[in-house]
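Visitor: Provided herewith is a single structure, encoded as C-alpha cells, for subsequent inquiry.
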Amino acid sequence: MAMIDEPLYPIAVLIDELKNEDIQLRLNSIRRLSTIARALGDERTRKELIPFLSENNDDDDEVLLAMAEELGVFIPYVGGVEFANVLLPPLETLCTVEETCVRDKAVESLCRIGAQMREQDLVEYFIPLVKRLAAGEWFTARVSSCGLFHIAYPSAPETLKTELRTIYSQLCQDDMPMVRRSAATNLGKFAATVEAAYLKTDIMSIFEDLTQDDQDSVRLLAVEGCAALGKLLEPQDCVAHILPVIVNFSQDKSWRVRYMVANQLYELCEAVGPEPTRSDLVPAYVRLLRDNEAEVRIAAAGKVTKFCRILSPELAIQHILPCVKELSTDSSQHVRSALASVIMGMAPVLGKDATIEQLLPIFLSLLKDEFPDVRLNIISKLDQVNQVIGIDLLSQSLLPAIVELAEDRHWRVRLAIIEYIPLLASQLGVGFFDDKLGALCMQWLKDKVYSIRDAAANNVKRLAEEFGPEWAMQHIIPQVLDMINNPHYLYRMTILHAISLLAPVMGPEITCSKLLPVVINASKDRVPNIKFNVAKVLQSLIPIVDQSVVEKSIRPCLVELSEDPDVDVRFFATQALQSSDQVMMST
C-alpha cells in the first residue's frame, strides 16, 4: 500500500497548497511544478497534473503569471516534443484572462512551445488554437492571438495560409482598439514569415488600413511597422509603399505619432535608402525639428547627428543647420538639453570650416545656457570638436567659457569640468595648461562641496601622471602642501587625501623628503578627524617608502596616535601599525 501511496503524495500536496488561502503557498507550489512533474513521471503529468492546472486557472494574477512562465519550459516533463500539444489547453485559457502581463507571458510560452513542435502537431493543434483565440468573443483572446501568427503561419498548408492572412486582416479591422494595437505591434513579425508575393498585396493592404486608423495609439504602432516592413521589401517597393506613409505620419494631427516618427526616423531612412531620404525625408525631418510640440522637437533634436551622417555635408549645412540654430535658443530647456547631448557629433560630419563658422557659435551659446544640464551635455562631448578644429582654435574660443564654468554655481557643472581637465591638459600640453588652468585646479581643492574637493584631489593626481613627477614637483606639490595650514579642518583633510593619491605617482624619494614631513606634522593637529586621516595616509605610505623610514618616522608617529584620547584615532592608528607589521613580516 505504501508503494501505491507514495507517488500520489506530491500531487496531493500540490492540490492542498494550490487551494490554500495563503497566496505565497500557492505561488511556491506553482514554482515547484517541475519538481512535482519529475516525481509524477511523464504519463501522470500529462493525465493528472496538466488537466488539474487547466481547471485551476481562476486565481490571483501573480499565481497565473508564474503558471504561464513555468508551462513554457514544460516540454521535457510531459515526455518531449511529441506530447507538447498537451500544454496548449492551460495556456490557451491563460491567453484570455484580463491581466495583460499574464496574457503576454502565456503568448510568450506558447511561442516557445510552438517553435519546438513538430509540423503535423502545429497543423493539428496549434493553428486551430490560434483560430479559436482570433474568433474569441472576449477581446483579450483576440489580442493574444495576434502574437501567435508568426509561429503558426510557416507550417500551415496553402489553404490554411490564405485563411490565416484573412483572419489577421480582420483583426486589424477589429472594433476594439486594443486588438488593432496588438495586430499593429505584431505585424512586422508576421510579415517576416509571409511569402514575398503576398507581402506586397495582402500585408501592404493590412498595413495601409492600420496607418489610416482613427486611433492615434494604433497609428503610432504602425510607425514601428514602417521600419520592420521596410527591411523586408525591395527598395523600389519601399519607396512606393512606405515612404508616402512616413511623410504623412510626420504631419499627423497627433503629436504622439509625430514623436514616434522623430524617434524612428533614422531606422526609416535606412529602410528607404539614401536617395529618397534626401528628396523626401529631409523636408519631413525639418518639419519635425520645427514642430510646435516640445516632445517632438526633443525626439528630433536627439537624432540630429545620426541624421546628418546619412546626408552629404552640403545638405546638412543647407537644411539641418538653420534648424539647429533655432533649437539652440528653443524655449524648452529639455529641447536645448537634447540638442546639446548630440550636437558635438555634428563637427566630424560637417568638417573643419563649417564647424568653425557655423557650429562653434552654437556651442558657445549652449555653454552659457542658464540650464545646467545643457552646459553639462556640451562639456562632456568637447573632445569630438577638438578632433575636428584643433587645439589652438578650441583654446581661443572655448577656454574662456570653460574658465567661467569652472566657477559655475551648480556643483555638478563644476564636477563635469574637473573630470574633463586631464583630457584637456593632455591635448593642450604643459605650457598652455600652466598659464590658464593651473590656478583653477588648486582653487577646486578649496571648494565648498565635498564631491568637488574629492574630484579635485583625483584631478591633481591625474595631472601628475600626465606631465610627470618633475613638473608636479614644480607646479603642484608646493601649492598643495601650502594648503595644509588652512584654518578649516575639512580643507586640511582634502590635502591629506591628495597627498595619499600623489605619493605613488611621485615615488619614494619625493614622498620621503616632501610629503611625509607634512603628514607627520599634521598628526599634531587638534582635530581628531585630521589625526585619524593621518593614520590612514601613513598606512598607505608604508609600501611606498623605504623600510628604514617606516621604522624611524612612521611607526613612532603611529605609536603616539595609538595612545590618543579619541577612540577613532586609536582604532585607525592600531590598524596602520598592524599593517606595518604585516609588511615587515612579508619582507
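The values are calculated or read from the model by the stated rules, or taken from the named source; none is laboratory data. What you see is a predicted model; the values in this text were computed from it and never measured. Counting neighbours? That spans all protein chains shown, and the Cβs are built from the backbone with ideal geometry, glycine included. The area values use the complete protein model at the heavy-atom level, side chains included, leaving out ligands, DNA and RNA. Shrake-Rupley method; radii C 1.70, N 1.55, O 1.52, S 1.80 Å.
Visitor: Got a sec? Charge dipole of region 107-244, +1 on Cβ for Lys and Arg, -1 for Asp and Glu; which of 201, 139, 166 is way out at the positive end?
Guide: 139
Visitor: Kindly flag which residue pairs out of 253/303; 189/306; 448/514; 200/303; 131/200; 352/446 have an alpha-carbon separation exceeding 32 Å in this structure. Please report the intermediate quantities before stating the final value.
Guide: Values: 253/303 22 Å; 189/306 26 Å; 448/514 27 Å; 200/303 30 Å; 131/200 24 Å; 352/446 39 Å.
With Cα atoms farther than 32 Å apart: 352/446.
Visitor: Using each residue's phi in region 47-55, evaluate 6.51 cos²θ - 1.76 cosθ + 1.60 at θ = phi - 60° and report the 3J(HN,Hα) Karplus result to the nearest Hz, with x for Gly and Pro.
Guide: 8, 10, 5, 5, x, 4, 5, 4, 7
Visitor: May I ask you to list the lysines whose Cα is less than 23 Å away from that of residue 47, ignoring any residue fewer than eight positions away on the same chain?
Guide: Output for residue 47: 19.
Visitor: With everything on Cα atoms, drop me the angle between helix 528-541 and the longest principal axis of the chain, reported from 0 to 90° to the nearest 10.
Guide: In the chain, helix 528-541 runs at an angle near 80 degrees to the longest axis.
Visitor: Please give the charge dipole size of region 428-564, origin at the Cα centre, charges +1 on K and R Cβ atoms and -1 on D and E Cβ atoms. Round to the nearest 20 debye.
Guide: In total the dipole reaches around 400 debye.
Visitor: Further question on the same structure: To the nearest 10 degrees, how steep is helix 177-191 against the longest Cα principal axis of the chain, on a 0 to 90 scale?
Guide: 80
Visitor: Moving on. Where does helix 255-272 land angle-wise versus the long Cα axis of the chain, in degrees 0 to 90, nearest 10?
Guide: 90
Visitor: Among 511, 315, 23, which residue has its Cα furthest toward the positive end of the charge dipole of the chain, with +1 on Lys/Arg Cβ and -1 on Asp/Glu Cβ?
Guide: Result: 511.
Visitor: With +1 on the Cβ of every Lys and Arg and -1 on the Cβ of every Asp and Glu, and nothing else charged, how large is the dipole of the chain about its Cα centre, in debye rounded to the nearest 20?
Guide: For the chain, the charge dipole is close to 1760 debye.
Visitor: Output wanted: per-residue J couplings in Hz (rounded whole) for region 156-162, from phi through Karplus 6.51 cos²θ - 1.76 cosθ + 1.60, θ = phi - 60°, x for Gly and Pro.
Guide: Working through the residues one at a time gives 6, x, 3, 5, 5, 4, 4 Hz.
Visitor: Give me the percent of the accessible area of the chain that comes from carbon and sulfur atoms, probe 1.4 Å, all protein chains in place.
Guide: After summing per-atom areas, the C and S share lands at 51 percent.
Visitor: Shifting gears a bit: Let's see if you can work this out: charge +1 on each Lys and Arg Cβ, -1 on each Asp and Glu Cβ, no other charges. What is the dipole magnitude of region 149-238 about its Cα centre, in debye to the nearest 20? All intermediate terms of the calculation are to be shown ahead of the outcome.
Guide: Details: 8 positive and 14 negative charges, 58 e Å.
Dipole of region 149-238, to the nearest 20 debye: 280 debye.
Visitor: Let me ask something else. Considering the dipole of the chain built from charges on the beta carbon (Lys and Arg +1, Asp and Glu -1) around the Cα centre, which of 156, 556, 305 is farthest to its positive end?
Guide: Of the candidates, 556 comes out farthest on the positive side.
Visitor: While we're looking at this one, here's another question. Can you give me the accessible area per residue for the chain, using a 1.4 Å probe, in Å²?
Guide: Accessible surface, normalised per residue, equals 45 Å².
Visitor: When ranked by the protection proxy of mean other Cβ atoms within 10 Å per residue, highest first, what sequence do the peptides 222-230, 547-555 form? It would help to have the intermediate numbers written out before the result.
Guide: Values: 222-230: 22.9, 547-555: 15.1.
Packing proxy ranking, top to bottom: 222-230, 547-555.
Visitor: Can you tell me the Rg and Dmax of region 468-586, counting just the alpha carbons, in angstroms?
Guide: Here Rg and the maximum Cα pair distance are 13.6, 41 Å.
Visitor: In region 103-145, what GluC sites (Glu not before Pro) fall in a loop by DSSP, with at most 12 other Cβ atoms inside 10 Å? Present the calculation step by step, with values, prior to reporting the outcome.
Guide: Values: sites: 108, 119, 124, 137; in loops: 137.
Passing sites in region 103-145 are 137.
Visitor: Subtracting the Cα-Cα distance from 0.36 nm times the residue separation, let me have the gained length for residue 253 to residue 234 in nm, one decimal. Could the numbers behind the result be given before it?
Guide: Working: separation 19, 0.36 × 19 = 6.84 nm, distance 2.96 nm.
Here the segment from residue 253 to residue 234 would lengthen by 3.9 nm.
Visitor: Scattering from the C-alpha atoms of region 88-227 alone, worked out with Debye: what is log10 I(q)/I(0) at q = 0.09, 0.18 1/Å?
Guide: With no solvent term, the Cα-only Debye profile gives -0.23, -0.98.
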